[in-house]
Structures are given as structure tokens and as C-alpha cells.
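What follows is a short report on a single structure.
We did not get these values from a lab; they are worked out from the coordinates using the rules stated. What you see is a predicted model; the values in this text were computed from it and never measured. Here the Cβ positions follow ideal geometry from the backbone for every residue, glycine too, while neighbour counts run over all protein chains shown.
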Amino acid sequence: MPISRRYLLVILSLLLAPANASAQFPAPVPRPQDTASAIAHPSRIRGEIGFGAIRGIPTGEFSDFLDPTWGIGGYLSLSGLGTPWLGLRLDIAYFDYGREERRLPFSETIPFVELDVTTVNRMVSGFLGPQVTGQLGRLRPSVRVGAGLSNFNTTTTLESLTPDEAMEPEIRASTENMDELTFAWTAAGDLAVELWNGGSLYLSVQYIRNGTVRYLLEGGLISNGDGTYSMSIIESSANLYAVQFGLNIWTGLGD
């Protein structure tokens, strides 16, 4: 019996060994700071889209020919690309810098039918480049540069062939009088103020360098009186500042 009792003690000690080891070495518990970080930063990449009004302010030689004008603009950006402060931004800006609306008779023999003729001078710019962003509480300052294209365009449209003002105008004909495409670059600074979780009010001051461009201004199309017309083309630098303000919305992307 002494031998059997010894074997029984060995078997009991082997069975109780795992339980004793678990009591001595408990399973690791997640740290509170790790849990809080996972909740506060569910995504490393932030997608943002904004839209607002722009005040275009010509500078240098361009200011001799053009007064400040209003436009609209928007952007799409991704931040947190590799680091929390580095991002990529695409900007679009549209300026209407001259508009002429004329009502002309259909012909000398049919003066009671009038044509609504509208000439619009516009500039459209698009840029893509890196953006560096910081975070100061609810304030989100950023700086950026970009390269892209600017298009200076003058188009005349015939909108209506009826004297009835109640009818919806209809475009019957359109002529592109001038179209100029140029390489451009930009540098800008922005400041966004968070209004709610996922939305901000932003202000942007941007410099747009278009270089030397050929373009038309309001009154640049001149009728020769014989069914033909001439163009008063201006060639000058076309650089300007753009002050933009508007709203943006943003969200986290990925894990």
C-alpha cells in the first residue's frame, strides 16, 4: 500500500499543476490608454471635402485690367498619409470676370423678334499638391502648394428667339470666341474651426500664379457693322490672390 499511495500523490500533483500555474500567472489585461487610443483614433486617414465662395483679387499687371471678382471653389483632401500631418489636396476654382447681356433684333426686316445674346468671360483653375496640417484644439491650420492648369475662356451664347419673357430661355447657338490654357502653380494657407464632430468653417488665402496669358475682357468683342466682329485681345500677367471661405465635412477612412 505505501507504493500505491506514492503513485496517487504523483498523479494528483500533475493534475493540479496547470491550475496553480494559472493562479500565479494571470492573463494580461489591456491597458486603459490602449483602449482609449483605439476609441479616439479609429482611423489614421482622414477624407475631407469643402465648398465655398472665393474673392479673386488681381495683382501686379493683372490689376490694371481687371477688378476684384467673385467666384466659387471646392476641394478634396486626404490627410494622415504615412504621418498624421501629411496629406494630398485637389483644388478647383471658378471665376466669372466679365459678362455682357445684349438684346438684338433678329434682322432689320423683323425687328419685333429679339435675340438674347450673352458673352461670358471665365477662368477655371485646378491644382494638385501636398498639404501639411496641424491640430490646436478645435483649430486646424494648414499650408499647401500645388501645380495644375488655368483656363481663360470667352463664350457667346444665343439664349432665346422669342419676345415672351414668361418662357424659359433656351440656348439655340453657342460660339467659343477665345480659349487659352496655361500651366499654373499655387501656394496657400488655411485655417479651419471645428463647429461639430465632422464639420468645420474654413478660411483660405491663396496665391495663384498663371504667368503671361492672352484673354478677353468685357467689351472685348467688337461688331464691325458688316456681319463680322473683331477681338480686343489683352496679353499680360494674370496672377491673383484668392480668399475663400466656406464649410467642409470630413470623415475617417480605413482602420
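A few remarks follow.
- Residue check, TYR207 of a type in the set (Phe, Trp, Tyr), out of contact with any Gly (no Cβ under 9 Å at 6 or more places or on another chain), surrounded by fewer than 18 Cβ atoms within 10 Å (Cβ to Cβ) and in a strand (DSSP E or B): yes
- Residues that are more than 14 Å from the chain's Cα centre (by Cα), among the hydroxyl-bearing types (Ser, Thr, Tyr) and surrounded by 18 or more Cβ atoms within 10 Å (Cβ to Cβ) within the stretch 74-99 comprise just one, TYR97.
- Close pairs (8 angstrom Cβ cut-off, 6 or more residues apart or separate chains): among the small types (Gly, Ala, Ser) in the stretch 126-151, outside any strand (DSSP E or B) and buried (at least 18 other Cβ atoms within 10 Å of the Cβ) anywhere: SER150/ASN210; SER150/ALA238
- Matching residues in the stretch 210-225 - criterion: being part of a loop (DSSP other than H, G, I, E, B), surrounded by 11 or more Cβ atoms within 10 Å (Cβ to Cβ) and of a type in the set (S, T, N, Q): ASN210
- Hits in the stretch 48-73 (condition: surrounded by fewer than 14 Cβ atoms within 10 Å (Cβ to Cβ), in a strand (DSSP E or B) and among the small types (Gly, Ala, Ser)): ALA53
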